[in-house]
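Please read the structure below before turning to the comments.
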């Protein structure tokens, strides 16, 4: 979907106005005043969120963001505020950062909040974007897209709704029965809603969806408004996911590489205590041990599942890395830009057409021909291609170390991490409501109500997902700086090469199955040098492969090449229920309570790890997930059991 930003326009009274919908964004009397009266007071906030752990507001129509800013300001001022406030909103035509700056200047009482919002405002590309504020106490998840498509794709538990689309006669789709039923599907019992409109169709539609409605005095020149409470008189087919109540906030995480370290950091930020178990004597193992890794988005003409997932993960990863640095934890990384070079002129032409069709902003991706690309890189590549200005390189070991340091500090008196390096988990055992990590000699390494497997291909030896995983050997070569002294950005295509970091460039990578040699080989160096010759034919590298250093890592890959992130299946129960599961959906597939996984990250582990940690912790805490339900299902570890059930082979 191509996202068209909103234009900054004012009506005769000076109120922000949408030419597309021929309606104002808020009352001419006051935007913040309307937000407080209609949406906060209309939902009985802040009293309803007092002393809760998680409170979730869902909004239809982000607009200028005034409702979010006013709610955030109220949260800041409330001593009884929830530990975590989630605000989930949808916007089909978002404003640019500059547009928001012009508009927010009209609301000086919200200056502190509006400046912080704009500092994190995402690129205007489709999908869900998650922005954290106040050390994670407030999270805005904003979906750029059409509400009639986005709202049915939400899988969360809402406490309150702000219905703030343009007027029903100007934007009828926003108030359609399909949208209103989508709200009911995610409403917790007793969830409240508020809206400025009193249109009969809206009132009746909400009543039919299960909300008990009443009129209240409106704001400013508007006489009435509507409020409601979700009190359905019938049993819903699919209730919103509940908020788990764990006997204690303790978790064990198996694997201290990219995924495990990310999960541990996110859990301890919520006040959990984590036992982090790693078979190696130190962290940064397997693919994470490679000196430097590359991160960038994925683009496809049809904006496929992989592209949508990678876009979400890419921005999430950058956001988390920046947050670690802002907290004083150093990471060695650089957003120097990445050029994805075409294989030939025909592919480059197709790549240019794809970007023209998708209409992405240049801050996300742009087509650059060969000569322009040389100005970014310092060398002329074989072909032009896609330029990702926010892509770059990172040293995984420094990221993992900072995440473990952050986890050690934790948030709260019981939070923190205890590491168990050099310990191998031979089996997992469920005893009552506790998972136990068992060593080969039968001793218990750690136990907790929650267990997360983040140990790559070893995970399926502890808990099967119904499909075997493969391991791919990847060898990189280290080039002395003098080979490519002018290289300024990452170049990818059939292989990749990085600008020099600490005196050497990383060149790679092989992709070898059925090869478990952990040491660099001459054959691998020769293959990598051939890749370099194709990437930059103008720079003939005269390197003796026998003199090159290098490293080997092993990628864990699922059959469909997507990561496994989420709750792990209970295959025994699924087998017993195989007939009823033949027409089931993902939430119906049995899961092992308290057992989660983040593995099979393939060659995109840097960004999958950040997204995976956010998904897992959201599930554990009962918070809104960071992505749409179809994307969550695409990477859910239960997907293979579901496919087997649908084909009658479970």
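Just so you know, all these numbers are worked out from the coordinates, no wet-lab data involved. Predicted model only: the values in this text are computed from it and were never measured. As a convention, Cβ positions derive from the backbone with ideal geometry for all residues, glycine included, and neighbour counts pool all protein chains shown.
Before moving on, here are some points about what is shown:
- Pairwise label distance in nanometres, residue 22 with residue 366, each label 7 Å out on the Cα-Cβ vector: 3.8 nm
- DSSP beta bridges in the chain [antiparallel fraction, %, rounded to 5]: 60 percent
- Ordered by the count of other Cβ atoms within 10 Å of each Cβ, fewest first, 360, 107 give 107, 360.
- Residue order, fewest to most beta carbons within 10 Å, for 544, 515: 544, 515
- The chain: relative contact order in percent, alpha carbon pairs under 8 Å with at least 6 residues between: 13 percent
- Fewest neighbouring Cβ atoms within 10 Å first, the residues 371, 140, 324 line up as 371, 324, 140.
- Only beta bridges with both residues in region 17-230 are counted; by DSSP, about 45 percent of them are antiparallel.
- From the coordinates of this entry, Cα extents along the principal axes in Å is computed, and it appears in (i) 82, 62, 49; (ii) 71, 67, 55; (iii) 90, 67, 51 under the label (i).
- Fully extending the segment from residue 544 to residue 200 would add 116.0 nm, taking 0.36 nm per residue of separation and subtracting the current Cα-Cα distance.
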